[in-house]
Amino acid sequence: MAAKEGKTIALKVLVDKQRNRVLFVESGKDFVDIILSFLTMPLGTIVRLTRKQGQSCGIGCMDNLYQSVENFKSEYFQKKILKDMLLRPKNSSEVLCRKLELNIDDTEPTKYYVCYNFLYAKYSKFGQHKCNSFSYSNNMHCGCGSLMSTEIFLSNDEVVDAAAEDGGLFVKGIMFMVTDDLQILPITTETSFTHLKSLGITGRDVLDEKSINVDVEEIVDILRNSFLLEMPLTEVLLQKHVHETLQVSKFQSNNTTQAKSRDTASFESPHIMIKLAISKAQNKIMYAEAGEGFVDFMFSLLTFPLGSVVKLLDQSPSLRCISNLYKTAEGTALAKHVRTASKAVLLSPMVPQPPTYITPVVSGKLIKNPSDSGKAEPLVVAVNSIPFGEFVTKPAMFMITDDLVVTPLSFISCISLLEKENIPMDNIEVRSVNVGQEEVRCI
Ligand SMILES: [Zn+2]
């Protein structure tokens, strides 16, 4: 659930008043947890949250990809729910993130429903093994024929339980410093002085301390600016418009790596064949034509958590301050403070998968299986589940432009694209290429 309207979090900010920039924010673990939670967010969520503020998300062409999904008719998807899954992807740390002091992600909590028999009659002599399903919605029918309308809660939130002891979620500790470029360090005299020195601050006279309350919107703004600027905190907290002077970073592909790896044939994933329509005169890709496999992959990018994207990119291209944040969570300076259980959640967050075991809780009570020790229920499968990562209807062909706008293939659209770019038809060459893991990384 999103934070309550108007809720804010108080920050102490050390400012260089001469240059009007944030030197660092001194904060408790609340703010640090919020900043670190960025890494758990699926790209689709980041696009959605920034769009709500009328802004582009700042990550390459992800806005176009998101818009493509939105424009796709529901009938192009194997199931209507899949479109929602891409537009409102689940965060695998959603239970944890809902406990943040300010949670910017307003995605609805995942709900699980079972039939009445699953809970109360399953272990009687009737109905055994029939009710082994759950549903994400309350209007499906179970294998036993009953409506699956009883909401259950999973009680496997061990991470949350561990965190609950001292209130922190991803980190433990009392006071931290968050630098303007999102490095997080435990506060010590030495780290503070070293940091100030590195910014050329030697005298106290330029220092100013400000108390600033930030709200959900400003946190989203910090997130968005983390991809674009070197100083997102200055931008948001001091509202200084530095866009003009700073180079805007996009997902620039690293051409040398790309060229090198293309020859090494070290792909683990199967290749997907796509066709490129190339303008011979301009030596430019006009669009790609691809089947459902490639489009499923492109769309599934929206469900990738940010931390996994940073990991996949392996710092190249850099995602600016988000890369700093990732390095912070990974590095030694904060090692004592990052919870062991949280480290994996931040550094290689998973795309949520349906639970295969379930420990149902109804009205706060654990429903126990009398035949064993009351632990998790095995083999609970989603009703009508679709193999993970398959979204669009098949077979089908799609057209993907260079800036990742995806539409069902229509030759008329192709022709109008060529017309728009003023390219004669006989200038177009169609080339087949294999797309493997390395190309996927570059995208
Ligand atoms: Zn049932």
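The values are calculated or read from the model by the stated rules, or taken from the named source; none is laboratory data. As the structure is a computational prediction, the values presented were derived from the model and not from experiment. Backbone-built Cβ (ideal geometry, glycine too); neighbour counts: all protein chains shown. These accessible areas exclude ligands, DNA and RNA; they are computed on the full protein's heavy atoms, side chains included. Shrake-Rupley method; radii C 1.70, N 1.55, O 1.52, S 1.80 Å.
Per-structure values
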{"quantity": "Counted residues, the stretch 96-116 - those being away from the ligand (no atom under 16 Å from the Cβ), hydroxyl-bearing (Ser, Thr, Tyr) and more than 14 Å from the chain's Cα centre (by Cα)", "calculated": "1"}
{"quantity": "Test: residue in the stretch 312-328 that is touching a Gly at 6+ places or on another chain (Cβ under 7 Å), within 22 Å of GLN67 (Cβ to Cβ) and touching a residue at least 60 places away in the same chain (Cβ under 8 Å)", "calculated": "no"}
{"quantity": "Selection from the stretch 111-121 of residues that are at pLDDT 75 or above and either among the aliphatic types (A, V, I, L, M) or touching a Lys or Arg at 6+ places or on another chain (Cβ under 8 Å) (or both)", "calculated": "VAL114, ASN117"}
{"quantity": "Every pair of residues 6+ apart whose Cβ atoms lie under 9 Å, when the first sits in the stretch 194-214 and is open to solvent by 60 Å² or more (accessible area, probe 1.4 Å) while the second is of a type in the set (S, T, N, Q)", "calculated": "ASP205/GLN18; ASN213/THR8"}
{"quantity": "Unique match (being touching a His at 6+ places or on another chain (Cβ under 9 Å), at negative phi and open to solvent by less than 60 Å² (accessible area, probe 1.4 Å)) among PHE31, PHE38, PHE24", "calculated": "PHE24"}
{"quantity": "Criterion: modelled with pLDDT of 85 or more, polar (S, T, N, Q) and within 15 Å of the ligand (Cβ to nearest atom) - qualifying residue of SER149, SER124, SER93", "calculated": "SER149"}
{"quantity": "Helices (runs of 4 or more DSSP H) contained in the stretch 279-331 and holding at least 1 residues under 16 Å from the mean Cα position of the chain (by Cα) and modelled with pLDDT under 90", "calculated": "292-300, 306-313"}
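Here's the yes/no breakdown for (1) at pLDDT 90 or above; (2) open to solvent by 60 Å² or more (accessible area, probe 1.4 Å); (3) not assigned by TED's automatic domain parsing to the domain that holds ILE428:
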| site | (1), (2), (3) |
| --- | --- |
| LEU185 | yes, no, no |
| SER192 | yes, no, no |
| LEU233 | yes, no, no |
| LYS240 | no, no, no |
| GLU244 | no, yes, no |
| SER249 | no, no, no |
| GLN258 | no, no, no |
| ALA265 | no, yes, no |
